[in-house]
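Peer 1: Shown below is the structure under consideration.
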Amino acid sequence: MLGPVFIKAHLTFSLDNQTFDFVNRTISLFGCSSLSVPKGNLAEIVGKTTIVTIKIPSNPPDVIQTKALIMAERSINSVGIGLKFQLEAEESIKLSTHIAAHGFYPTEYVRKYPRIPSTAAIQTFPLRTTVVPLGSNDEATSVHIFDVANLSPNGVLITSESSLTELEPGKRISMVLEPRGWFPVQVEIEGLVCRITEDLNLENGNIIKYVGVKFIKINEENRIAFMDLLKDILQKVKSKA
């Protein structure tokens, strides 16, 4: 549950007739995030494909080339893009070998709690949540339904393919997590939208939004219910390990 392992690399790629060069970037087997690019309409480049040259400062140095999909990234303090690598089998083995030999967990940020990936195999795991942006003109008509991608004691990653789910980093929201199975109550929490990543669903062409939310306010009744829910989920995770 510690998440992906990273290495440092030098990335070069072209996008819309511009060449981008990023030295000493943190990458994983899945890709790279938080790349600054000139301001523009990020929606126009989400899902575009580029060829990335990955230069790994090993001894001797190694070079890997791979296709990558462009993702848009927005946080409270920055706007940029991410790359989602589409490694072929040989490229994946080569990069995995470097990561196994020299990989590390990130130190730029340390998560206080691990994230629990969403799974229908756990009876009570909430797979859906309703979201209401706080401060909207008519909150009653601003209810959105999101899928839950992962969950932790202090936050949640939610996702949607609906174009109606207009959220922005820094926005406060009210969420109602919907447990399944025998769990007897819903859990209402107030959160802060910290980060939004937009990706392309290759199967249907929809834009997938991943919204990282930090929990900021919960009353005592809901706090007790949420801790009971987490306890049940973690017990089930341990029993299946």
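Peer 1: LEU157 - would you say it is surrounded by fewer than 20 Cβ atoms within 10 Å (Cβ to Cβ) and in contact with a Gly (Cβ under 7 Å, 6 or more places away or on another chain)? Spell out the reasoning first.
Peer 2: Numbers: surrounded by fewer than 20 Cβ atoms within 10 Å (Cβ to Cβ): no; in contact with a Gly (Cβ under 7 Å, 6 or more places away or on another chain): yes.
In short, no.
Peer 1: Also, quick follow-up: Can you tell me which of (1) among the β-branched types (Val, Ile, Thr); (2) buried (at least 19 other Cβ atoms within 10 Å of the Cβ); (3) touching a Ser or Thr at 6+ places or on another chain (Cβ under 8 Å) is the one VAL176 doesn't meet?
Peer 2: Tallying (1) among the β-branched types (Val, Ile, Thr); (2) buried (at least 19 other Cβ atoms within 10 Å of the Cβ); (3) touching a Ser or Thr at 6+ places or on another chain (Cβ under 8 Å), VAL176 fails exactly one: (2).
Peer 1: Could you run through region 72-102 and say how many residues are of a type outside the set (D, E, K, R) and part of a helix (DSSP H, G or I)? Please lay out each step first, then the result.
Peer 2: Narrowing region 72-102 to residues of a type outside the set (D, E, K, R): 72, 75-83, 85-87, 89, 92-93, 95-102.
Next, only the ones that are part of a helix (DSSP H, G or I) stay: 89, 92-93, 95-102.
Residues flagged as of a type outside the set (D, E, K, R) and part of a helix (DSSP H, G or I) within region 72-102 amount to 11.
Peer 1: Here is a follow-up. For region 4-21, enumerate the residues that are surrounded by fewer than 18 Cβ atoms within 10 Å (Cβ to Cβ) and at negative phi.
Peer 2: PRO4, VAL5, LYS8, HIS10, THR12, SER14, LEU15, GLN18, THR19, PHE20, ASP21, listed by residue number.
Peer 1: Additional query: Confirm whether THR50 is more than 20 Å from VAL5 (Cβ to Cβ) and either assigned by TED's automatic domain parsing to the domain that holds LEU87 or in a strand (DSSP E or B) (or both).
Peer 2: Numbers: more than 20 Å from VAL5 (Cβ to Cβ): yes; either assigned by TED's automatic domain parsing to the domain that holds LEU87 or in a strand (DSSP E or B) (or both): yes.
Taking the combined requirement at face value, the residue satisfies it.
Peer 1: Right, something else. Tell me, which strands (runs of 3 or more DSSP E) wholly within region 118-234 include 2 or more residues that are modelled with pLDDT of 95 or more and over 20 Å from ILE76 (Cβ atoms)? Can you show your working first?
Peer 2: Numbers: elements: 128-133, 144-152, 155-160, 172-178, 187-200, 207-217.
Hits in region 118-234: 128-133, 144-152, 172-178, 187-200.
Peer 1: I've got another one for you. Please work out if THR26 is in a strand (DSSP E or B), modelled with pLDDT under 95 and out of contact with any Asp or Glu (no Cβ under 8 Å at 6 or more places or on another chain). Steps first, answer last, please.
Peer 2: Numbers: in a strand (DSSP E or B): yes; modelled with pLDDT under 95: yes; out of contact with any Asp or Glu (no Cβ under 8 Å at 6 or more places or on another chain): no.
The answer is no for THR26.
Peer 1: Hey, could you check region 29-58 for residues that are modelled with pLDDT of 90 or more and among the aliphatic types (A, V, I, L, M) and say which is nearest to ASN204 (Cα to Cα)?
Peer 2: Taking the candidates together, the pick is ILE51.
Peer 1: Let me ask something additional. Just give me the residues in region 181-193 being in contact with a Gly (Cβ under 8 Å, 6 or more places away or on another chain) and surrounded by fewer than 19 Cβ atoms within 10 Å (Cβ to Cβ), in sequence order. Walk me through how you get there before you give the answer.
Peer 2: Quick first cut of region 181-193, residues in contact with a Gly (Cβ under 8 Å, 6 or more places away or on another chain) only: 191-193.
Correct list: LEU192 only.
Peer 1: Can you tell me which condition SER78 does not meet? The list is (1) at pLDDT below 90; (2) not assigned by TED's automatic domain parsing to the domain that holds SER14, and all the others hold.
Peer 2: SER78 satisfies every listed condition except (2).
Peer 1: Which residue out of ASP199, ASP147 is buried (at least 18 other Cβ atoms within 10 Å of the Cβ) and within 27 Å of THR49 (Cβ to Cβ)?
Peer 2: On the way: ASP147 fails: buried (at least 18 other Cβ atoms within 10 Å of the Cβ).
Result: ASP199 is the single residue among ASP199, ASP147 that is buried (at least 18 other Cβ atoms within 10 Å of the Cβ) and within 27 Å of THR49 (Cβ to Cβ).
Peer 1: Just to check your reading of the model, which residue among ASN59, ASN24 is farther than 30 Å from PRO117 by Cα and not charged (D, E, K, R)?
Peer 2: Values: ASN24 fails: farther than 30 Å from PRO117 by Cα.
Sole residue among the options that is farther than 30 Å from PRO117 by Cα and not charged (D, E, K, R): ASN59.
The values are calculated or read from the model by the stated rules, or taken from the named source; none is laboratory data. From a predicted model like this one, the values you see are computed outputs, not experimental measurements. As a convention, Cβ positions derive from the backbone with ideal geometry for all residues, glycine included, and neighbour counts pool all protein chains shown.
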